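One structure is given below, encoded as structure tokens.
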Amino acid sequence: MNIVVLVKQVPDTWAERTLRPDDSTLDRASVDGVINELDEYAIEEGLRLAEAHGGEVTILTMGPEKASESIRKALSMGADKAIHLIDDGLAGSDGLQTSAALAAVLGRTGFDLVIAGAESTDARMGVMAAMLAERLGVPQVSLASKVEVDGSQLTIHRQTDYGYDTVAASLPAVISVVEKINEPRYPSFKGIMAAKKKPVETLSLADAGIDPGQVGLAAAATEVISFAKRPPRQAGTIVKDEGDGGARAAEFLATQKFI
Amino acid sequence: MAEVLVLAEHDGETVKKVTGELLTLARQFGEPSAVWLGSGAEGGRERLAEFGAAKVYLAEGSDFTDGVVAPAAEVLAALAGRTSPAAVLMAATGEGKEVAGRLAVKIGSGVITDAVGLAPGDDGGLVAEQSIFGGAIVVQSRVRTGTPIIAVRPNSVAAEPAPAAAAIEPAGVELSDAAKAVRVTERVVAERGERPELTEAAIVVSGGRGVGNAENFALIEKLADSLGAAVGASRAATDAGWYPHQFQVGQTGKTVSPQLYMAVGISGAIQHRAGMQTAKTIMVINKDPEAPIFELADFGVVGDLFQVVPQLTEQIEQRSAN
């Protein structure tokens, strides 16, 4: 099975994240980059499916030079090879454009299964699997908390607000995963050493056959008009429980008309 | 006046609260038309009318009740082509955002997700407010290509009635085979009693590591029930298996914006704050006075939750009984 896992490098969520004042895009330079957390679950699921059914796991990343750190981590977990779509012209691309660029690469590489994390911790749109399925014309089997492959049949548990749906489709397909699906492995020392020798193909827009006029900030379909730090919340009333903490909390709720 | 398409959220019988909110927001930009997929439109029609839907486009059948995302996107794309709406609005739920994403690709329009506010800009165009990076930054954005597609978070605005006809009209869309390629074969509903849905609830009571074990979550549930609230949990609690994963509030779980959020035994790591920081009022109960969650508290009690919570529950029940 030819499995492609999408990996995005994001700013570490423990750091203070901000937008750049000049073009209102994510400031990636001032903070450490890490692999998007849910993408680790996607990698793990790809590795497990390849181990169970045979096949190869390819990492696909779009991002600046720095993103190669995340690619290495994915390879050290056990993925076989990687493709890094890297081009200054991609900077500032929105979800629509990113999906177009990734779909162009996936169209070249071919795939049986594309696996993504359900959302990234920076943009948090949660749309990539849906957009890619739409562009590639294959089933979208997303928000999976469990994945089973039987021949060309795919069955997942799709997380919903009320529990989950069992959803069936056939390969090739695009899936996205939620964190409940597995426990990502840590890279072993052997894995880290082996990753250094694994092939990483870098592609420019021209290499991937992507029209530079269709991607990047200037052509984005959405734009930030302005942004500001949220004003700090007004300091609240903090009381120490002296045996009446519950009663005082109830009093507060009453004054706020919640009860 | 231009139409504004609003994808109705419903469970096959009743309309969810967020749909009234979306219709209220939609009225700023034109005449709202609800889009109802699947069964139950007759039952839901009254509320759609109450909040200002002039029309209800209806697409029925098993392709909608058992389909996943693609059928909804296809119907909305066809309706958008036919009606040239001022905007298309849906709820920023997992599924709603996916519908927004597919629709954006289909009609080549920009999409904004997780809007917490929507207002006309200087040029009359639609400006969306988002709260990003765990609520640290507030962003105003707009769609500059095509029809604005906006997924709006539940509880972003109070629904205000503005009666309209809600005339049902068949959507008249023939689905492609591709849109039928994914089927729901079973729906599994987790037990949540009579509680409201987490993302829709006006009040959410969440428990964290301090709750200690699964059994103790009964305390959280009892407090929630005294307020008619939904129950949430921090990642520490769901990872430990104390409470089901779908109730997790935070960066890798649900984002909620209730009127009142009560964090019980939750320290308030950024991962949790990302999911609840836009709550209007925040109450904290935690024994550690240094817990970062107190920074967000409008009212906080430093104390043992096993003392404070039962007392609070009892007081609420007494006051409600009077």
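Any read-out appearing in this document is the output of simple, stated calculations on the displayed coordinates, not a laboratory observation. Quick caveat: nothing in here was measured; it's all calculated off a predicted structure. Heads up, the Cβs are rebuilt from the backbone with ideal geometry, glycines too, and the neighbour counts pull from every protein chain shown.
Summary of computed values
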| item | result |
| --- | --- |
| Shielding score for B:298-309, defined as the mean number of other chain Cβ atoms within 10 Å | 6 |
| Size of charge dipole - the protein assembly as shown - debye, nearest 20, with Cβ of Lys, Arg +1 and Asp, Glu -1, no other charges | 680 |
| Alpha-carbon Debye profile of the stretch B:168-216, log10 I(q)/I(0) at 0.28 Å⁻¹ | -1.11 |
| Pairwise centroid distance, computed over Cα atoms, of the stretch B:24-60 with the stretch B:74-137, Å | 17 |
| Residue-averaged beta-carbon neighbours from other chains (10 angstrom radius) around B:251-264 | 2 |
| Principal semi-axes in Å for the stretch A:101-197 [√(5λ), Cα gyration tensor, largest first] | 23, 19, 15 |
| Violating pairs (Cα-Cα greater than 23 angstrom) within the set A:LYS8/A:LYS229; A:LYS73/A:LYS197; A:LYS81/A:LYS180; A:LYS8/A:LYS197; B:LYS97/B:LYS254; B:LYS55/B:LYS254 | A:LYS8/A:LYS229; A:LYS81/A:LYS180; B:LYS55/B:LYS254 |
| Beta bridge orientation in chain B: antiparallel %, DSSP, nearest 5 | 20 |
| Net charge of Cβ neighbours under 15 Å - reference A:LEU217; Lys, Arg +1; Asp, Glu -1 | -3 |
| Computed P(r) (all Cα pairs; the stretch A:123-180; 5 Å bins; percent) | 4, 20, 28, 25, 16, 5, 1 |
| Residue-count net charge about A:ALA15 - beta-carbon cut-off 13 Å; Lys, Arg +1, Asp, Glu -1 | -3 |
| Value at 222 nm in deg cm²/dmol, rounded to 500, when DSSP H runs of n ≥ 4 in the protein assembly as shown each add -39,500 (n - 2.57) | -8000 deg cm²/dmol |
| Proxy reagent accessibility, fewest Cβ within 10 Å first, across A:THR61, A:THR13, A:THR166 | A:THR166, A:THR13, A:THR61 |
| Cα Rg, Dmax (largest Cα-Cα span) when computed across the stretch A:2-219, Å | 16.5, 51 |
| Expected-Rg normalisation [2.2 N^0.38 Å, Cα atoms] applied to the stretch A:1-85 | 1.20 |
| Globularity index of the protein assembly as shown, i.e. its alpha-carbon radius of gyration over 2.2 N^0.38 Å | 0.95 |
| Length-normalised contact order for chain A - Cα pairs under 8 Å, 6+ apart - percent | 23 |
| Relative packing of B:148-155, B:133-140, which averages over residues the other C-beta atoms within 10 Å, highest first | B:148-155, B:133-140 |
| Of the DSSP H helices in chain A, those whose Cα atoms cover at least 18 Å axially and whose Kyte score averages 0.5 or more | A:95-109 |
| Share of Cα-Cα pairs in chain B lying beyond 30 Å, as whole percent | 38 |
| Global form of the stretch B:134-274, assessed from the alpha-carbon gyration tensor, a/c cut-off 1.5 | prolate |
| Cα centroid separation, the stretch A:105-122 to the stretch A:1-48 (Å) | 14 |
| Per-residue mean of C-beta atoms belonging to partner chains within 10 Å, peptide A:168-181 | 3 |
| About the Cα centre, charge dipole magnitude for chain B (Lys/Arg +1, Asp/Glu -1 at Cβ), debye | 560 |
| Cα pair distances in the stretch B:203-321, grouped into 10 Å bins until the bin that holds the longest one, percent each | 16, 53, 30, 2 |
| Percent of beta bridges antiparallel (DSSP, chain A, rounded to nearest 5) | 40 |
| 10 °C / 1.306 mPa s Stokes-Einstein diffusion coefficient of the stretch B:3-180, Kirkwood radius on C-alpha pairs, µm²/s | 100 |
| Global form of the stretch B:199-260, assessed from the alpha-carbon gyration tensor, a/c cut-off 1.5 | oblate |
